[in-house]
Amino acid sequence: MHIWPLFTLFTIMLGVDVAWAVPMTNDPKGFCDIPWGTALSSRQDLETIRSSPHIVEYLHKEGLSSFAGAEIISILYVSWDDQFARVVIRYEGEQVHKQVLGHLEGRFGRLDRIPGQMARGLTQQYNWRGTDTEINLTYQSATERGYLFIDSRTLAPRFNDDITDSAE
């Protein structure tokens, strides 16, 4: 049985824009001048908000709420075994989404716009993939909420390993 026709049908029914990863220009190799793998526990500007045996989540002590020149809800820094591995940015509003998307396209590469491709959907997803970094942006138009994941390509897969190990 072929799964792709079912996947395509399911995607269309949900109103999801499917976007394949665009090769990234200018891989940042981290976020805000913090390289992947940095020990976040030694940073004075971050405070721990949640921790588990392998995963620790941090926020800026100053409560920075800006990215790409737009006001956002939060920027969460995540480490795996005290190695900086992921950033999660949450935001609201269509105007903020356009600003964030424009910033990402300007810095990491234009998205491939195929004629006839949906420009809007209930959920839109955009991806950029570099040698060290992967960026995934998901925007839910019905709630006007956006989620931006900026990941280390070598460290972030360990989060999946933890989920698999704890599910047994």
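Coordinate-derived values only; no laboratory data. Everything numeric in this text was worked out from a predicted model, so none of it was measured. Using ideal geometry, Cβ is built from the backbone for each residue, glycine included, and neighbour counts are taken over all protein chains shown.
Here are the numbers for the structure shown:
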| quantity | calculated |
| --- | --- |
| Formal net charge of residues neighbouring Glu92 (Cβ-Cβ distance under 10 Å; K, R +1; D, E -1) | -1 |
| Ranked Asp151, Asp132, Asp82, Asp161, criterion: other C-beta atoms within 10 Å, fewest first | Asp161, Asp82, Asp132, Asp151 |
| Packing-based exposure ordering (other Cβ within 10 Å, fewest first) of Leu104, Leu111 | Leu111, Leu104 |
| Compactness index (Cα Rg / 2.2 N^0.38 Å), region 23-120 | 1.24 |
